[in-house]
Amino acid sequence: MSSTNRPAIVLSSGGLDSTTCLAIARDEGFSPVYSLSFDYGQRHRHELKAAAEIAKVIGVKEHRVIRIDLRQFGKSALTDEIDVPKDREEKAMGAGIPITYVPARNTIFLSYALAWAEILNVLDVYIGVNAIDYSGYPDCRPEYIEAFERMANLATKMTTAGSGKFSIHVPLIRMTKAQIIRRGVELGVDYGLTHSCYDPDDLGRACGRCDSCLLRKRGFVEAGVRDPTLYQAL
């Protein structure tokens, strides 16, 4: 089935990767495109503001924010009173599962996307997981995505009743940050709208020192693209 005039849902965090996914879904002919974000008790709301603005600029049909409270479980630097790691070397970032991992987050997010997809009769969901820069996150691996997709095709009325096959699109999973940025630039993405920092200040300025900021900085340098991020004075 052609993707032309075929709807898709894109998980949108307001960050660089998910915004590139939105642009790719549009470029691949999916229409209309819906975007889904989560207010899950994370450290700040700047990324949610970014996601809402990006949805307007890209022109999605509907942008929804699901409110859940993962702070009640904690055990992550993003949902608990735990310091965000700063100034880590690349080798340290890839050693084990980082404290910024939120337990079962992608499983929860994809489950909500699957529920909305069934209501909308959407068979295609995009998520900006990456197994290169975030290899320590177990829910960013290709085998995890494949397993969730298999489960989804066993679990919903729309697939078991013969409407079609549910697919999870992960166009960035084997791309470096530089490759992602170059692809986004080709598609006209304004990365100045995106927010990636784990620990910004009250004005939304990126810390420039957390793992996410360091990977983002390196990506722009390697891509040969000007970094539009507003960083705190270091």
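Within region 182-234, take every residue that is closer than 20 Å to Lys56 by Cβ and in contact with a Phe, Trp or Tyr (Cβ under 7 Å, 6 or more places away or on another chain) and give me the one that is least open to solvent (accessible area, probe 1.4 Å).
Gly184
Restricted to region 95-133, and to residues that are in contact with an Asp or Glu (Cβ under 7 Å, 6 or more places away or on another chain) and among the β-branched types (Val, Ile, Thr), which residue is nearest to Lys165 (Cα to Cα)?
Top of the filtered list is Thr107.
Are there any pairs with C-beta distances below 6 angstrom linking a residue in region 51-75 that is among the small types (Gly, Ala, Ser) to a residue that is outside any helix (DSSP H, G or I), with the two at least 6 apart or on different chains, and if so which?
Pairs that qualify, where the first residue is among the small types (Gly, Ala, Ser) and the partner is outside any helix (DSSP H, G or I), are Ala51/Ser12; Ala51/Gly14; Ala51/Ser37; Ala55/Ser35; Ala55/His63; Gly74/Asp80.
Residue check, Tyr134 against (1) farther than 18 Å from Leu36 by Cα; (2) touching a helix residue (DSSP H, G or I) at 6+ places or on another chain (Cβ under 7 Å); (3) modelled with pLDDT of 95 or more, all met but one. Which one?
(3)
When the residues of region 51-94 are narrowed to those that are hydrophobic (A, V, I, L, M, F, W, C) and modelled with pLDDT under 95, which ends up surrounded by the most Cβ atoms within 10 Å (Cβ to Cβ)?
Within region 51-94, the match that is surrounded by the most Cβ atoms within 10 Å (Cβ to Cβ) is Met93.
Go through region 1-39 and give me each residue that's open to solvent by 10 Å² or more (accessible area, probe 1.4 Å), within 24 Å of Leu215 (Cα to Cα) and either assigned to a loop (DSSP other than H, G, I, E, B) or at pLDDT below 95 (or both).
Ser13
The values are calculated or read from the model by the stated rules, or taken from the named source; none is laboratory data. Note that the coordinates shown come from a computational prediction; the quantities given were computed from them, not determined experimentally. Cβ atoms come from the backbone with ideal geometry, glycine included; neighbour counts cover every protein chain shown. Accessible surface is based on the protein model in full, side chains and every heavy atom, while ligands, DNA and RNA are left aside. Shrake-Rupley method; radii C 1.70, N 1.55, O 1.52, S 1.80 Å.
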